[in-house]
1. Using the structure shown, decide if Gly12 is under 24 Å from Gln77 (Cβ atoms) and of a type in the set (Gly, Ala, Ser).
2. All but one of (1) assigned to a loop (DSSP other than H, G, I, E, B); (2) over 30 Å from Leu323 (Cβ atoms) hold for Gly164; which doesn't?
3. Residue check, Ala129 against (1) part of a loop (DSSP other than H, G, I, E, B); (2) touching a strand residue (DSSP E or B) at 6+ places or on another chain (Cβ under 8 Å), all met but one. Which one?
4. Residue under question is Arg144, and the condition is that it be in contact with a Lys or Arg (Cβ under 7 Å, 6 or more places away or on another chain), within 25 Å of Glu185 (Cβ to Cβ) and not assigned by TED's automatic domain parsing to the domain that holds Ile83; does it hold?
5. Filter region 160-191 down to the residues that are more than 16 Å from the chain's Cα centre (by Cα) and within 18 Å of Phe20 (Cβ to Cβ) and list them by number.
6. Quick one: which residue in Ala249, Ala291 is in contact (Cβ under 8 Å) with a residue 40 or more places away in the chain, crowded, with 20+ Cβ neighbours inside 10 Å, touching a strand residue (DSSP E or B) at 6+ places or on another chain (Cβ under 8 Å) and of a type outside the set (D, E, K, R)?
7. Quick check: anything in region 48-58 touching a residue at least 24 places away in the same chain (Cβ under 8 Å) and part of a helix (DSSP H, G or I)?
8. Residue check, Ile286 against (1) crowded, with 17+ Cβ neighbours inside 10 Å; (2) farther than 20 Å from His134 by Cβ, all met but one. Which one?
Amino acid sequence: MVEGYSLALDAGALLQDMEFVQFYPLCLAEPGRPPFLVPPRLVDSGSLLNSSGEEILGKYGIQERPAGERARDKLSQALFNEIYINGEEVRLDLRAISEKEWCADPFSASTLDILGKRYGALHRLVRIAPAAHHIMGGVRIDTRCATSVPGLFAAGEVTGGLHGANRLGGNALTETLVFGSRAGEAAAAWASERAGDKSKMLLKELDSSGTESKVKEAGSNLTQLRKRLRKILWEEGGIRRNKKGLTRALEEVKGIQNESLGLPLGDNPLLVQRILELRSGSRTAIIILKAALKREESRGAHFREDFTEQDDEHWLGHVQVRLSPEKKEVWDFSADLTEA
């Protein structure tokens, strides 16, 4: 996905709303266990408790239900505050729920064997934490999935604008089906109208673009760079943001990007893939951080500690970026809400 943002930007497409990164509040955070999404309706039937025994939804005044669907931003902020600022552990208590109640909706039912039985949530408290989930921003498209670049079509999470500032749970799957179909049909129609010679010329241009490393000498360790990128984004560019933290994160990510460009690609396919992912990821991270710095308000999934209120007078619209012919970033703000 991060490659899509970077590739589209390089191709000349317009990106928008990249500051709107959604976090899912209810992920399994058991030591030694992989991350696992906890169905939001289960939480409403159980209890979210910190190490001191305080009930999280009541403590933070979260009234929306299901909280994991309708208050994702508030609940993510609450859990981040408890875990990463207050130093508490947050655990989910589902012990009072019967298997019949657990299976009341399809999503919850699908997790009974793994979360309930294998991980033991039917019989003990399980530790949870928020995690990055969905980006509402991306490539601007029209109703037929055409971008600002002729012949370039996009659909799914790589696009921006469909969900506004905070996607409702479940809508991404519908978006993928509807706009995936539209993108395929529109791209096929566009291609069929083009002369074969021109298509061959475009393919030749793509083939000659190359992906050779700009610097042949070995750079910093790839694994460490990936860890640094994840850490700084989570701490300063994630659920809770402010100017000081975003600025610090931006400078560090720029350094990571420069180091990633110094990593030689070599001939190991997996290593090549991971290096290219790091380069695209660091570039996308820079765009997200810059967009978050520019939007001086809180809206949807974007929360600024130094601008806690939503400001429709100045910020009801899209933060946009494209590349100039000289490959320089050009930032703009559009208040036209009819755009995708």
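The values are calculated or read from the model by the stated rules, or taken from the named source; none is laboratory data. Small disclaimer: the values here were computed from a predicted structure and weren't measured. Positions of Cβ are generated from backbone atoms using ideal geometry, with glycine treated the same way; all protein chains shown enter the neighbour counts.
1. No, not satisfied.
2. The number of the failed condition is (2).
3. If we test Ala129 against (1) part of a loop (DSSP other than H, G, I, E, B); (2) touching a strand residue (DSSP E or B) at 6+ places or on another chain (Cβ under 8 Å), just (1) comes out false.
4. So Arg144 passes the test.
5. Passing the criteria: only Phe179.
6. Exactly one of Ala249, Ala291 is in contact (Cβ under 8 Å) with a residue 40 or more places away in the chain, crowded, with 20+ Cβ neighbours inside 10 Å, touching a strand residue (DSSP E or B) at 6+ places or on another chain (Cβ under 8 Å) and of a type outside the set (D, E, K, R), namely Ala291.
7. Yes, region 48-58 contains a residue that is touching a residue at least 24 places away in the same chain (Cβ under 8 Å) and part of a helix (DSSP H, G or I).
8. Result: Ile286 fails condition (2) only.
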